[in-house]
1. Would you work out if the stretch 1-82 is rounded, prolate or oblate? Take a ≥ b ≥ c from the square roots of the eigenvalues of the alpha-carbon gyration tensor; rounded if a/c is under 1.5, else prolate when a/b is larger than b/c, oblate otherwise.
2. So which GluC sites (Glu not before Pro) in the stretch 13-100 end up in coil per DSSP with only 14 or fewer other C-beta atoms within 10 Å?
3. Pick out, from Ile79, Ala135, Gln116, the residue whose Cα sits farthest towards the positive end of the charge dipole of the stretch 53-140, with +1 on the Cβ of Lys and Arg and -1 on the Cβ of Asp and Glu.
4. Between Phe96, Phe118, Phe17, find the one with the highest GNM mean-square fluctuation for the chain; connect C-alpha pairs within less than 10 Å.
5. Taking a ≥ b ≥ c as the square roots of the Cα gyration tensor eigenvalues, with a/c under 1.5 meaning rounded and otherwise prolate when a/b beats b/c, else oblate, which class fits the stretch 57-140?
6. Which one of Ser42, Ser26, Ser110 has the biggest mean-square fluctuation once the chain is modelled by GNM with Cα springs under 10 Å?
7. For a test of the definition: using alpha carbon positions, the gyration tensor, and the 1.5 limit on a/c, classify the chain as rounded, prolate or oblate.
8. Using only alpha carbon pairs under 8 Å that are at least six residues apart, calculate the relative contact order of the stretch 1-83 and give it in whole percent.
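Bear in mind these aren't lab numbers, they're just calculated from the coordinates by the rules spelled out. In this text, all values refer to a predicted model and were calculated from it rather than measured experimentally. Here the Cβ positions follow ideal geometry from the backbone for every residue, glycine too, while neighbour counts run over all protein chains shown.
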Amino acid sequence: MCFCGYDPKMGESVRVFAEGLNRSLSAKAERLGLTMSAQMQSEALELNALIELLNQKLANSEDSRRHELEGLLGIVYLIRALMQPERNEISVRSDFELSVRTRAVRLDESMIRFEQIFESDQGDFLSERLRRAVAAAIEA
């Protein structure tokens, strides 16, 4: 599989990461005296700037640390996927935390569905297996 196989620990890790994200954002908003909505707007700007910077560094990188940059970019994309700051008008902390937890569960379900479809027919071309698996994961 493209995820190197699926193990439930992978989905558990995403959910644990989401919980850490919730705790971190809540603490940061509280420390700065901001609502969750205001904190999300600030985080969205920072995330977008970080994504742009990391992509620039990757485009110009022949460095041995390229994989670390790719990993960091992957984590930033995961944070953005869990937060979905552009769609979040949530000001109540518990509602925000629930939405992040729900997205983590959906992401896990998507990984499971991707694995099932991708591995279901080894006879097809790789590109066709990938296309079907991505379509199924998005629908999950």
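1. On the way: a/c = 2.91, a/b = 1.25, b/c = 2.33.
Cα axes put the stretch 1-82 in the oblate bin.
2. Working: sites: Glu19, Glu30, Glu43, Glu46, Glu52, Glu62, Glu68, Glu70, Glu86, Glu89, Glu97; in loops: Glu62, Glu89.
Passing sites in the stretch 13-100 are Glu62, Glu89.
3. Farthest towards the positive pole: Ile79.
4. Of Phe96, Phe118, Phe17, the Gaussian network model singles out Phe118 as fluctuating most.
5. Details: a/c = 2.96, a/b = 1.15, b/c = 2.56.
Oblate shape, in that a/c is at least 1.5 and b/c is the bigger or equal ratio.
6. Ranking Ser42, Ser26, Ser110 by mean-square fluctuation puts Ser42 first.
7. oblate
8. Values: 24 pairs, mean separation 22.7, N = 83.
RCO, the stretch 1-83: 27 percent.
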